[in-house]
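J.: Supplied in structure tokens, the structure appears directly below.
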Amino acid sequence: MYVQLPGNWTKHAFIRNNFLIKNDEQLVKIVKSGLRVVTVDPQKSSVRPETTPKPNYVKKDVPKKISEIDLGPPLMPSGFGEFLTDASVAPKRKASHLYEVCLHVMDHILKDPTAGKIIQFKEGVSEIVDLLLADQETATQLFHITSRDHYTYTHSINVGVMSILLTKKLFGESTPHDMKELSAAYFLHDLGMTNVPSDLLYSTGKFNERERSIIEQHPMDGYIILEEAGLLTVESKIILSQHHERDDGSGYPHGLQGNEIHIYSRICAVADVFDAMTSRRLYKPSLTLYDALTLMKFDMGLRLNAEVFSAFVHLFKL
């Protein structure tokens, strides 16, 4: 198995924190180091573990086939698709309605992420993506209308919208990318936050080691929720598990570096960091656009991909 050890090299007898276990001697060293927990990366392992350790989440029995899943009551409002394609509706009004619908739907999903809700949302995302790729004026209005109050569902929508437009900026109108699956993954990037206790999610204090480990588990929690629902796509595998990885290896959960991090995750990471910096939170004021971009450029230069960040800045037409 490919493992990641917590802490730095002074906490154990290995030169690197991330490596593939090849013999029993390495296992003995891990035990003698006194480590109680290590993280296993199934994608880099030669043998995938039968179960993935994960706190605060109970596996649910779900149908294996999408056709067998009970979608539940309608999640998207009636006539939503027709409204988006109505040429008589002003772009600003269209963008405002679209944002409110997304907030409502994402709030429902993150409170109870059932397979049926996720399937309905992905179908709605298809219509949203078609609009954003075809209607630049509405896309621009939506980009500037994003809320600055930081709740998990508003953050998810903000990051989703910015990531879609950044992908469009980087790859152009005609790309080989599955924009519908990709966009759904952007919106659902923080799905694993549903497993984080609310008192921890909205805490104003500094996290201790145990609390930080719970927070840093959320990328893989979201991955597992979709996997167990039978809705894990190539795009969501990448984005949910890697959106907190950083180019200099300082990210989590696997400490990936440079080109080990997929371009989709780098896109999501830039949007994620920007929205976190410019949103009001209980424990900090929001940064201005200029201050956030300056901090991202100079203080996080080794963490965020330079090419992706440059394209993001150009979205603001600065």
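FYI, it's all coordinate maths here, none of it is from the lab. Everything numeric in this text was worked out from a predicted model, so none of it was measured. Virtual Cβ from ideal backbone geometry, glycine too; neighbours counted across all protein chains shown.
J.: Can you list the residues of the stretch 241-277 with backbone N under 20 Å from a point 7 Å past the Cα of THR294, pointing along Cα to Cβ?
T.: Within reach of a label on THR294, which here means backbone N under 20 Å from a point 7 Å along Cα→Cβ, the stretch 241-277 contributes 273-277.
J.: At most 13 other Cβ atoms within 10 Å and a DSSP loop assignment: could you name the GluC sites (Glu not before Pro) in the stretch 153-227 that fit?
T.: The qualifying sites are GLU173.
J.: How big is the dipole moment of the stretch 60-315 about its Cα centre under a simple scheme where the beta carbon of each Lys and Arg is +1, that of each Asp and Glu is -1, and everything else is neutral? Debye, nearest 20, please. Numbers along the way, then the final one.
T.: On the way: 24 positive and 35 negative charges, 109 e Å.
Here the stretch 60-315 has a charge dipole of around 520 debye.
J.: Out of HIS144, LEU289, GLY249, whose Cα points farthest toward the positive end of the dipole of the stretch 60-315 (charges: +1 Lys, Arg; -1 Asp, Glu; placed on Cβ)?
T.: The listed residue farthest towards the positive side: LEU289.
J.: May I pose another question? Only counting other Cβ atoms within 10 Å, I'd like GLU25, GLU235 sorted with the fewest neighbours first.
T.: Numbers: GLU25 9, GLU235 21.
Least crowded to most crowded, the residues run GLU25, GLU235.
J.: Order these by the 10 Å Cβ neighbour count, fewest first: TYR264, TYR290, TYR252. Mind showing how you got there, number by number?
T.: Working: TYR264 23, TYR290 10, TYR252 20.
With the sparsest Cβ surroundings first, the list reads TYR290, TYR252, TYR264.
J.: Please list 3J(HN,Hα) in residue order for the stretch 17-23, calculated via the Karplus relation 6.51 cos²θ - 1.76 cosθ + 1.60 where θ = phi - 60°; whole Hz, with x for glycine and proline.
T.: Ordered by residue, 3J(HN,Hα) equals 7, 10, 6, 8, 6, 10, 7 Hz.
J.: Just to be sure I understand the curve: with the Debye formula and one point per C-alpha of the stretch 163-227, what is log10 I(q)/I(0) at q = 0.13, 0.14 Å⁻¹?
T.: -0.51, -0.56
J.: Which value results for Rg/Rh of the stretch 60-315 when Rg is the Cα radius of gyration and Rh the Kirkwood radius based on the inverse mean 1/r?
T.: Values: Rg = 17.6 Å, Rh = 18.7 Å.
Reported Rg/Rh, Kirkwood definition of Rh: 0.94.
J.: Compute the Cα gyration tensor for the stretch 192-311, then decide on rounded, prolate or oblate, letting a ≥ b ≥ c be the square roots of its eigenvalues: rounded whenever a/c is under 1.5, prolate when a/b is larger than b/c in the other cases, and oblate in all that remain. Could the numbers behind the result be given before it?
T.: Numbers: a/c = 1.77, a/b = 1.10, b/c = 1.61.
In terms of gyration-tensor shape, oblate.
J.: Rounded to the nearest 0.05, what FRET efficiency do GLU100 and VAL28 give with R0 = 45 Å and r taken as the Cβ-Cβ distance? Could you check?
T.: Working: r = 57 Å, r/R0 = 1.28.
After rounding, the FRET efficiency stands at 0.20.
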